[in-house]
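The values are calculated or read from the model by the stated rules, or taken from the named source; none is laboratory data. Not measured: the values here are computed from a predicted model. Backbone-built Cβ (ideal geometry, glycine too); neighbour counts: all protein chains shown. Just so you know, the surface numbers come from the protein's heavy atoms only, side chains and all, with ligands and any DNA or RNA stripped out. Shrake-Rupley method; radii C 1.70, N 1.55, O 1.52, S 1.80 Å.
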Amino acid sequence: MIKWRNWALPTAPLVLVLLAATGCTSTSDAPAEPTGRPATSGAHSTSVARVCAKPAAGPAKAPAGAVTVDPAVVGDLAAKTRSSPPNTTFWLRPGKHRLEPDRYAQVMTKEGNTYLGAPGAVLDGRKTNNYAFSGTARNVTIRYLTVQGFVAPNNEGVVNHDMADGWVIEHATIQYNSGAGLMAGAHQQVRASCLRGNGQYGMNAYKTGDSIKDLVVEGNEIVGNNTDDWERRQPGCGCTGGIKFWAVNGADIRGNWVHDNRGAGLWADNNNNDFRIENNMLEANDGAALMYETSYNAVIRNNTIRRNNWVEGRKYAARGDDFPYATIYVSEAGGEPRVRARTDKIEIYRNVLENNWSGITLWENADRFCNSPANTSTGYCTLLVKNTGRCAQPAIATAPLYADCRWKTQRVDIHGNRFVLDTSVVKCTVECGRMAVLANYGTYPDWSPYKGKRVAEAITLKQRNRWHDNVYRGPWSFVADDPGRKLDSGQWRAPPYRQDTGSTFAPRAGG
């Protein structure tokens with residue numbers, strides 16, 4: 001879970017005061033209604049997964065050997081699953097299928113089962129049932145089926161409720177449920193599906209025991225999730241967005257259209273590793289398009305990222321908060337060669353970022369480390385230290401624990417991107433259009449070895465975080481060390497920062 005603002009100066013907490021008007025126009029903070037189509041621009045050739053408006057149709061007749069499920073018989077799907085052996089294929093006739101009218105009525109899957117929906121087949125929880133497909137059976141497949149109207153509790157999910165491994169979800173529509181539409185297990189594949197309008201997440205990629213690996217999310221439309229606005233109901237919960245990933249080791253997130261979600265579009269939080277996030281359209285999410293937090297080793301490339309973070313950016317600017325709220329937010333995350341992955345850095349390249357609230361922020365909270373009360377991932381430590389209790393005085397003050405007890409924003413390589421800002425489109429003149437690398441002044445706890453400017457100096461100057469060979473169009477500004485001090489491109493490129501060598505700047509272009 002993230003904590004955006006945790007500032008302190010040597011003499012007193014930094015009070016962020018609005019000294020002048022934000023320059024933002026008066027617009028509603030309510031999320032825009034999903035348009036069902038992407039914004040048009042010739043800037044990038046990313047294809048768009050228009051899945052929700054035109055879902056693929058399933059088989060009109062039952063495949064040979066399949067068990068036919070009758071929508072006129074309440075509970076027929078669950079009953080036939082119970083009475084059939086593993087590896088059975090079920091074909092759901094057209095119509096609205098229902099479970100028994102009990103909160104805990106659900107389909108308890110068996111290993112290797114396949115569930116196919118005919119055109120128009122819907123499994124409807126009628127705001128009565130908590131879960132649709134459950135159990136620990138491996139290698140279950142769900143195709144061409146709409147699952148809607150279930151009421152899973154907060155942080156739980158409707159499909160694959162028990163986080164079983166090896167599930168395949170293809171050409172499915174999972175919509176208008178409470179909680180998460182979908183949970184995840186190891187080796188899960190989610191393809192060409194519509195995850196729409198769910199109360200908390202489209203998918204909650206969390207598994208008890210932190211054993212998700214080799215996750216594929218490809219060609220999906222992930223739209224309008226977090227309808228229950230959980231960050232408002234539980235401030236600071238870090239529990240919202242299109243998809244949230246927790247301790248996933250190996251993920252390919254490609255070719256998805258992630259748009260109009262309340263909160264972040266994609267959020268990887270807490271010891272994730274080895275992500276490839278590529279060829280996605282991330283668009284018009286209320287918060288950041290992508291957050292990569294307390295995690296390791298990722299490639300973020302060839303994505304088109306537009307009009308994100310307008311709602312949250314405008315809200316914080318109006319409060320006088322000058323933290324550089326980002327479209328791609330890297331928080332206590334970096335490359336680590338000692339953690340096995342397909343890369344040993346976080347590489348962000350060949351992306352187009354167009355008319356977002358801001359650009360990329362690299363942040364490290366000096367007070368957040370293993371065993372610190374400021375670590376919101378309670379009980380967790382880095383992937384380099386298995387025993388959290390080791391991160392204590394006096395050992396934490398010296399090598400190797402001084403380095404290894406921290407999640408460090410390091411080895412981030414940002415190059416070959418195109419950053420476009422037209423303030424007449426974003427409708428803001430200050431507190432937007434920023435790139436940033438910074439940390440707070442360490443103050444807490446009293447035994448912390450990271451007090452003062454140690455972390456701030458490290459992330460800014462010593463941890464191999466680099467922008468270079470990018471293209472900037474529009475009035476971009478830059479932040480290093482102090483969010484209240486705006487740098488121009490000349491200061492950003494000059495000592496001591498020496499950022500964006502080989503980059504080009506056209507401040508008046510804006511489009």
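List of remarks:
- Computed FRET value (nearest 0.05) for THR429 with ASP102, which takes r as the C-beta separation and R₀ as 41 Å: 0.15
- Links that overshoot a 29 Å alpha carbon limit, given the list LYS213/LYS462; LYS80/LYS127; LYS408/LYS486; LYS345/LYS451; LYS386/LYS462: LYS213/LYS462
- Cα-based shape type of the range 56-125, given that a ≥ b ≥ c are square roots of the gyration tensor eigenvalues and the cut on a/c is 1.5: oblate
- Plainly put, the range 59-207 has a radius of gyration that is 0.92 times its Kirkwood radius, both from alpha-carbon atoms, as the Rg/Rh ratio.
- Projecting label points 7 angstrom from Cα along Cα→Cβ for ASP70 and LYS54 puts them 3.7 nm apart.
- Once both labels are positioned 7 Å from their Cα atoms along Cα-to-Cβ, the gap between ALA392 and ARG338 label points is 2.1 nm.
- Candidates per trypsin sites (Lys or Arg not before Pro) in the range 410-496, loop by DSSP, up to 13 other Cβ within 10 Å: ARG464, ARG485
- For the range 147-210: rounded, prolate or oblate by the Cα gyration tensor [a/c cutoff 1.5]: oblate
- As a length-normalised measure over Cα pairs under 8 Å and 6 or more apart, the relative contact order of the chain settles at 10 percent.
- Reducing the range 280-359 and the range 437-511 to their Cα centroids gives an inter-centroid distance of 15 Å.
- Cα convex hull of the range 67-506 - mean projected area over all directions, nm²: 20.7 nm²
- Think of the chain as a dipole: +1 on every Lys or Arg Cβ, -1 on every Asp or Glu Cβ, centred on the Cα centre; then among TRP246, ALA105, THR460, THR460 lies furthest on the positive end.
- Ellipticity estimate at 222 nm from DSSP helix runs (n ≥ 4, -39,500 (n - 2.57)) divided over the chain, nearest 500: -1500 deg cm²/dmol
- Taking a quarter of the surface of the Cα convex hull of the range 309-441 gives a mean projected area of 9.6 nm².
- Computed magnitude of the charge dipole of the chain (debye, nearest 20; Cβ of K, R +1, Cβ of D, E -1): 440 debye
- If you take all other residues with their beta carbon under 10 Å from the beta carbon of THR443, and give Lys and Arg +1 and Asp and Glu -1, the sum is -1.
- Accessible area, probe 1.4 Å, largest first, for residues LEU461, LEU384, LEU99: LEU461, LEU384, LEU99
- Accessible carbon and sulfur surface of the chain relative to its total accessible area, %, 1.4 Å: 50 percent
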